[in-house]
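Peer 1: The structure under discussion is supplied below as structure tokens; questions concerning it will follow.
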Amino acid sequence: MTKMIRFGLALALVSAALLPMAAEARGGGVQVTRSGKCAPHTTWKLKLSKDDGRIETDFEVDQNRVGRDWKVTLKHNGNRFFRGVRTTQAPSGSFEVRRFTTNAPRSDKIVARARNLRSGVLCKGTARI
């Protein structure tokens, strides 16, 4: 009887140890969110999620003004993986850029920056995952 109890406990411990790895493999793993303010009425949010050996990067800027153009750059460990212009959209006056990059074997540092082409306001966020 004690062998069965020990076997059951060992099985429960192994299952508990493997559960987080299985969740991360399905994309439900590590997630980091950072946010900040870049002007009186402008905010940014940077969200990173590990997803099947890649990093999903979501960068959002909310200016509360529709039709404003922003130059956006995303870098992963110093290497650019996205550059483009985005325009704030109705109804919220915001835009979002969602891109994937590789997951390095070491710590990953993502830097997102957006510059308003009209006012020059700079929004910059950094996160590590």
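Peer 1: Inside region 113-129, can you point out the residues that are assigned to a loop (DSSP other than H, G, I, E, B) and of a type in the set (Ser, Thr, Tyr)?
Peer 2: Hit for region 113-129 is Ser119, nothing else.
Peer 1: Okay, next question. Any residue that is outside any strand (DSSP E or B), in contact (Cβ under 8 Å) with a residue 40 or more places away in the chain and open to solvent by less than 60 Å² (accessible area, probe 1.4 Å) - is there at least one of those in region 59-67?
Peer 2: Scanning region 59-67 turns up at least one residue that is outside any strand (DSSP E or B), in contact (Cβ under 8 Å) with a residue 40 or more places away in the chain and open to solvent by less than 60 Å² (accessible area, probe 1.4 Å).
Peer 1: Something else about it: Of these, Ser92, Ser35, Ser49, which one is at pLDDT 95 or above, of a type in the set (Ser, Thr, Tyr), out of contact with any Cys (no Cβ under 9 Å at 6 or more places or on another chain) and surrounded by fewer than 17 Cβ atoms within 10 Å (Cβ to Cβ)?
Peer 2: None of the others qualify; the one that does is Ser35.
Peer 1: Looking only at residues in region 24-58 that are outside any strand (DSSP E or B) and of a type outside the set (D, E, K, R), which one is farthest from Leu117 (Cα to Cα)?
Peer 2: For region 24-58, the residue satisfying everything is Ala25.
The values are calculated or read from the model by the stated rules, or taken from the named source; none is laboratory data. Fair warning: this is a prediction, and the values are worked out from it, not measured in the lab. FYI the Cβ positions are ideal-geometry reconstructions off the backbone, even for glycines, and counts take in every protein chain you see. Accessible surface areas use protein heavy atoms only, side chains included; no ligands, DNA or RNA. Shrake-Rupley method; radii C 1.70, N 1.55, O 1.52, S 1.80 Å.
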